[in-house]
Amino acid sequence: MRKTNRFEGRWPLVVGIIAVALPMVTGAVVWGDPGQRDQRSLWKDPPLTGRAAKKQRVLDKIPGDPSVLVNVRYEHLPATHDMTLLGKAALPALERGLTHNVKPAVRQRIAWVLTDLADHHSRRVLRAALKDWNSTVRRQAVQGLAAMGDLGAEKLLWQRYDDPEETESVRTAAIKALGRIGAIKSAPRLLRLLADKKDKLSSGTRGAALQGLWDLRHRLGTKALRRTLTLALASDDAYLNTFAAAGAAEVRDSSPAVRRGLIKRLRHPNADVRNLAVYALGEIGHKGSVASLRKRLSSARSARLLNNIAFALRKMGDPRVMDLLGGLLAHRLAIIRLNAAYVLGDIGDPAAMGLLAKALKDPTDFVRASAINALGRLGSRKALPLLTPLLTTPNLSLRVEAIFALNRLTQGGYNNLIAKDLLFHKRSSIRKMAAVELARHKDIRSIRPLAFCHAKGRCSSWTLARSLEDMPSWRATGPLLVAYSRTLSSYSSGTNRLLRGVGKRKLKPGHRELLRSLLTIGKWKPTQRRPLLRLLGRLKDRSARGAYWGFLESRDRLTRLNAAFALANQGYGRGRKVLLNALTQAAPRIKRGAADLLRSLTHKKIRASVHTELKKALRGHGPDTRLAAAYALTQWDAKAGVKILLGALGNPNRRVRHEAAYYLMRPEMRPHRELVAKALAVQKSPVLRGTLRRILRQITPGTLKKISGWVTL
């Protein structure tokens, strides 16, 4: 007889009760006529008191009073985020405050905001701030000029470095800034700093020189870039080795000097250096490195290193990699045998089946379990005869692994066995694994156990959302909504993913009522309310229009942005105007959100007018606005938008390259990955080819996303 739980069949009832009761608990909000705007008072933010009220008064005066920050005290200074959200309207007050305020903490915070805004009109005051008597202000001014790509500040930055009384943090920031602004004339001196091994030169300074040279790689010649990587690999500093190994992997420099440096680092005491050296040799793919990797494979004791070496040899086409791993399966240490079996599964070559069949007879259960798991990941049905006899083994862990491996090989053919024997097992860990495995194959029997697991705190919000967000059955909507309402008090990234799962399916009236009710809860923070506004806007929920108009006057600028999206998606021009204003006037990171919302609009008339405005935004604005507009434009004209983004990848300013790469790596760009692949096919620059390969890897499902040791674009 099949076991059940007390929640079975009751999710629609639970959702309905919450949908009806929650508005009563939260104040019996009256939604009223959806076309009226006179309900704004119901949604206004509660009044502020004390210090928060003083900060808000200062924040409200910033756009209209340029002198408001001259005499402000640090405890009354608004939050950095709030001042940044004001956009270009805050520039006069910020510039005057940086020049005339006597409090160093206030000046440092203002310089930080100007760095976030990255508006070229602020270059003059930031250059002047390089002579500020406080070192934290000077350091922030250096970073601000770097963010703006101010090439005219090159001489001033070297003055900061050459000043014998300057602090170490400002000196290293100045060196990094030289690379970020694209000061190619400084490359020879940066190379000399990197090559200098004198004791008086700190490793932090050499690391900053390497960072600066790497940021200049788009303008450096091949010889200079090779010299940079060779010097860093020859250093005794682990940071320089890690950075150079990742850089060599990106540009795929196969020169003997670079390969010798990488091979030398295969036995470095730092694990990150060893693994990145192996990864780089695999990416370069030169046959001359095969012998060194084979030798290192036989002495590897780390699962991570063993895995990386095997993949590198496999990528190089080494025919002996299987024999080498087979030899490790007979190693005297069980942990080596276990790792070897797992790596054979990662490689995914059916030729490993014979080796794994021998591992099934290993005396250690952990090794046998690893071999079973590896057979399931090979993807070949020829492994079924090896796994089927294990269904009757008395060893529970081996039997569970065998069931999951068989289910993976047969694409859900053992779902019934999992539901019968494992889904209601006495061990909670087995129940959780069974429910996740069923959800992977879109089996609706996993919905209630996963929801119960989340309610008991044994499954995270991320696990529940990942398992149910693509479930085709409408029955998954209720558990996702209830889980979302329960986890708002402990907000996390998984909470947002729960809401995304709700938005992927058609909602019933009770579900919509629950979402609107959650929106009325006054204790939620703005970060918790924004996704709800965005979802209701995408659903075009007309009954919440009163809330949208109210939140359009919220103190939180991002809440206003999402409320504007909800209104624009129902045909209101005011919402469209707010979004377009944010695209052209706000800080760069706010432009990202505005571009996302603009490309998500579905109202026909609003979309047509937005398309026209986006084409205008491509002319006469700064690079941040042009890139945000190009990203949004991909919804209408993919070729034109992607072409602009690809063209910015070679910009001398690192921040512009970063912004272009950020947009190209978004999941929304996956349908356009063929355009990136075509650009890679015709690109000749090794630097740009490395950048395009990374972007393509990011937007191609099922590929490696990131390696240890991030290299900036």
For residue 552, the residues 5 or more places away or on another chain with a placed amide H closer than 5 Å to its own amide H are none
Convert each backbone phi in the range 213-227 into a coupling constant with the Karplus relation 6.51 cos²θ - 1.76 cosθ + 1.60 (shift: θ = phi - 60°), then list the ³J(HN,Hα) values in order as whole Hz, x for Gly and Pro.
-> 5, 5, 5, 8, 4, 5, 10, 6, x, 4, 5, 5, 5, 5, 4
Label-point separation (nm) for residue 605 and residue 169, each offset 7 Å from Cα along Cα-to-Cβ?
-> 5.5
Would you kindly compute the Cα radius of gyration of the chain and its largest Cα-Cα separation (Dmax), both in Å?
-> 29.2, 82
Distance violations [Cα-Cα > 20 Å] among 577/643; 577/604; 382/442; 591/616; 442/540 = 577/643; 382/442; 442/540
Within straight-line cross-link reach of residue 684, aspartates and glutamates at Cα separation under 15 Å, skipping those fewer than 8 residues along the same chain = 250, 253
Could you give the accessible area per residue of the range 329-369, probe 1.4 Å, as a whole number in Å²?
-> 49
Can you give me the three principal axis dimensions of the range 278-369 from its C-alpha atoms, in Å, biggest first?
-> 39, 25, 16
Kirkwood Rh and Cα Rg combined as Rg over Rh, evaluated for the range 117-255 = 0.99
For the range 541-667, just run the numbers: alpha carbon Rg, then divide by 2.2 N^0.38 Å, N being how many residues it has.
-> 1.05
Can you list residues whose amide H is under 5 Å from residue 149's amide H, if they're 5+ apart or on another chain and H is modeled 1.01 Å from N?
-> none
Computed, not fitted: 222 nm per-residue ellipticity of the chain from DSSP H runs ≥ 4 (each -39500 (n - 2.57)), nearest 500, equal to -19500 deg cm²/dmol
Length-normalised contact order for the chain - Cα pairs under 8 Å, 6+ apart - percent | 13
Pop out the carbon and sulfur fraction of the accessible area of the chain as a percent, whole number, probe 1.4 Å.
-> 53
What length, rounded to one decimal in nm, is gained on full extension from residue 151 through to residue 377, with 0.36 nm per residue of separation minus their alpha-carbon distance?
-> 76.1 nm
Stretch gain in nm, segment residue 335-residue 74, where the contour uses 0.36 nm per residue and the Cα spacing is subtracted = 88.3 nm
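Given a Förster distance of 45 Å, report the FRET efficiency between residue 416 and residue 540 from their Cβ-Cβ distance, rounded to the nearest 0.05.
That pair, residue 416 with residue 540, gives E of 0.65.
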For the range 144-260 the mean separation of alpha carbon contacts under 8 Å (6+ apart) over residue count, i.e. relative contact order in percent, is 21
Give me the percent of Cα-Cα pairs in the range 37-181 that sit more than 20 Å apart, rounded to a whole number.
-> 49
Would you mind working out the accessible area per residue for the range 531-674, using a 1.4 Å probe, and quoting it in Å²?
-> 37
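Taking GluC sites (Glu not before Pro) that fall in a DSSP loop and have at most 14 other Cβ atoms within 10 Å as cut points, what is the longest piece of the chain between them?
Details: sites that count: 8, 165, 553.
Here the longest run is 166-552.
Assuming R0 = 56 Å, what is the FRET efficiency of residue 500 and residue 103, from their Cβ-Cβ distance, to the nearest 0.05?
0.85
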Simple spin-label estimate for residue 589 and residue 88 in nanometres, 7 Å along Cα-Cβ = 2.1
Rounded if a/c is under 1.5, else prolate if a/b beats b/c, else oblate: with a ≥ b ≥ c from the C-alpha gyration tensor eigenvalues square-rooted, which is the range 324-421?
-> oblate
Sequence order, the range 323-335: Karplus ³J(HN,Hα) from phi using 6.51 cos²θ - 1.76 cosθ + 1.60, θ = phi - 60°, Hz rounded, Gly and Pro as x, gives 5, 5, 5, x, x, 5, 5, 9, 5, 6, 8, 5, 5
Excluding residues fewer than 8 positions from residue 315 in its own chain, the aspartates and glutamates with Cα under 15 Å of it are 283, 346, 349
Under 13 Å from a point 7 Å along the Cα-to-Cβ line of residue 57: which residues of the range 73-104 have their amide N that close?
-> 73, 76-77
Starting at the first residue of the range 271-276, write each ³J(HN,Hα) from the Karplus equation 6.51 cos²θ - 1.76 cosθ + 1.60 with θ = phi - 60°, in whole Hz, x for Gly and Pro.
-> 5, 5, 5, 4, 5, 6
Measuring with a 1.4 Å probe in the full set of protein chains, what accessible area per residue, in whole Å², belongs to the range 107-258?
-> 41
Theoretical FRET efficiency, 1/(1+(r/R0)^6), r = Cβ-Cβ of residue 395 and residue 428, R0 25 Å, to 0.05 = 0.80
Can you pull the one-decimal nm distance between simple spin-label points at residue 131 and residue 486, each 7 Å off the Cα toward Cβ?
-> 6.4
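The values are calculated or read from the model by the stated rules, or taken from the named source; none is laboratory data. Everything quoted here is computed from the prediction, not taken from an experiment. Here Cβ is always computed from backbone atoms with ideal geometry, including for glycine, and neighbour counts include all displayed protein chains. Remember, those area values only see protein heavy atoms, side chains included, never the ligands or the DNA or RNA. Shrake-Rupley method; radii C 1.70, N 1.55, O 1.52, S 1.80 Å.
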